[in-house]
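Peer 1: The structure follows.
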Amino acid sequence: MHLIYPEPAVLADDGLAARYGRPDPGGAPYWLRANMVASVDGAATLGGRSGGLSGGADQQVFAMLRALADVIMVGAGTARVEGYRPVKPRTEGVRWSWLREGRTPSAPIAVVTRRLDLDLESPLLAASPAHARTIVITTEAAPPERRAAAAATAELIVAGRESVDIAAAAGALAARGHRQILTEGGPHLLSQIIEAGLLDELCLTISPLLAGPGAGRIVAGIGPLHQPEGARPRRLRLAHVLAGDGHLICRYVRSAAGPAEI
């Protein structure tokens with residue numbers, strides 16, 4: 001992998017992983033990192049899915065970030081569209097298995113769903129391994145019978161009454177020992193995380209594709225112009241930029257944690 005900022009270098013796997021170390025390992029109760037991809041004209045999906053924007057280098061960083069994570073948080077809509085399943089360490093992350101030493105072979109998936117409108121018999125919920133049981137984060141408003149059914153095969157967290165309280169959800173994950181939280185979206189979940197002031201880091205891959213009009217951005221709001229009322233810009237710092245397969249793989253951290261302000 002080629003590092004092009006802050007100084008040019010060719011990185012082996014250990015050097016690449018070191019670039020993604022948590023800036024304050026003994027600091028806050030958890031570190032919340034988002035990993036997203038977008039086209040050069042800002043589209044978060046191609047043909048309705050993010051996979052068409054990815055490339056080989058980006059996929060390796062994707063697998064590495066999953067190996068570094070204690071838990072992978074994803075919105076229910078993204079889990080459905082992208083066909084999420086439990087992480088398979090022997091096939092998906094074998095190159096990065098050394099990053100899991102002293103921990104379970106893979107991180108669990110945590111699905112955020114307000115009404116629990118999930119396929120409770122899907123492999124994600126019904127076939128997760130014992131070491132990484134899928135976590136369902138929902139609300140008090142979710143039907144009690146569906147909560148009970150989900151709890152039969154997955155770990156259940158109730159956080160919030162009518163909508164998921166993201167801060168409470170992240171706190172509950174940290175209380176279970178999941179201090180490195182990785183979210184892979186989707187755009188509505190990322191918006192909630194940002195609005196709650198919880199985003200510590202954004203890993204953004206810029207794909208060398210022009211998607212054209214119509215596709216949404218990596219953040220989606222609920223206001224008249226898809227921007228939540230009271231939304232405000234938040235400054236990040238550029239930590240590094242990698243290049244591979246024509247993609248630019250950027251890491252941004254919250255302003256207080258990164259080495260270079262943008």
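Peer 1: Check off (1) at pLDDT 95 or above; (2) among the aliphatic types (A, V, I, L, M); (3) more than 17 Å from the chain's Cα centre (by Cα) for Leu118 and give me the number that stays unchecked.
Peer 2: Leu118 satisfies every listed condition except (1).
Peer 1: Answer with yes or no whether Arg95 is of a type in the set (Lys, Arg) and assigned to a loop (DSSP other than H, G, I, E, B).
Peer 2: no
Peer 1: Taking the conditions exactly as written (within 23 Å of Ala167 (Cα to Cα), buried (at least 16 other Cβ atoms within 10 Å of the Cβ) and over 18 Å from the mean Cα position of the chain (by Cα)), does Thr139 satisfy them or not?
Peer 2: So Thr139 passes the test.
Peer 1: For the stretch 1-29, which positions are at pLDDT below 95 and surrounded by 15 or more Cβ atoms within 10 Å (Cβ to Cβ)?
Peer 2: Hits for the stretch 1-29 are Met1, Arg22, Pro23.
Peer 1: Could you tell me which residue of the stretch 110-133 is surrounded by the fewest Cβ atoms within 10 Å (Cβ to Cβ), considering only residues that are assigned to a loop (DSSP other than H, G, I, E, B) and of a type in the set (A, V, I, L, M)?
Peer 2: Here the residue is Ala127.
Peer 1: Could you please find all residues in the stretch 98-109 being part of a helix (DSSP H, G or I) and touching a Leu at 6+ places or on another chain (Cβ under 7 Å)?
Peer 2: Across the stretch 98-109, the qualifying residue is only Leu99.
Peer 1: Determine which single condition Arg147 fails, assuming it passes every other condition in (1) crowded, with 19+ Cβ neighbours inside 10 Å; (2) modelled with pLDDT of 95 or more; (3) not small (Gly, Ala, Ser).
Peer 2: (1)
Peer 1: Same structure, new question: Pick from the stretch 56-91 the residues that are over 17 Å from the mean Cα position of the chain (by Cα) and surrounded by 18 or more Cβ atoms within 10 Å (Cβ to Cβ): which of them is farthest from Ala18 (Cα to Cα)?
Peer 2: By that ranking, first place goes to Pro89.
Peer 1: Please report, ordered by residue number, the helices (runs of 4 or more DSSP H) entirely within the stretch 134-199 with at least 3 residues that are free of Cβ contacts under 8 Å to residues at least 12 places away in the same chain.
Peer 2: Once the helices (runs of 4 or more DSSP H) in the stretch 134-199 are filtered for at least 3 residues that are free of Cβ contacts under 8 Å to residues at least 12 places away in the same chain, what remains is 144-153.
Peer 1: Kindly list the number of the only condition in (1) farther than 19 Å from Glu184 by Cβ; (2) surrounded by 15 or more Cβ atoms within 10 Å (Cβ to Cβ); (3) of a type in the set (A, V, I, L, M, F, W, C) that fails for Val94.
Peer 2: Result: Val94 fails condition (2) only.
The values are calculated or read from the model by the stated rules, or taken from the named source; none is laboratory data. Quick caveat: nothing in here was measured; it's all calculated off a predicted structure. Every residue, glycine among them, receives a Cβ derived from its backbone with ideal geometry; neighbour counts consider all protein chains shown.
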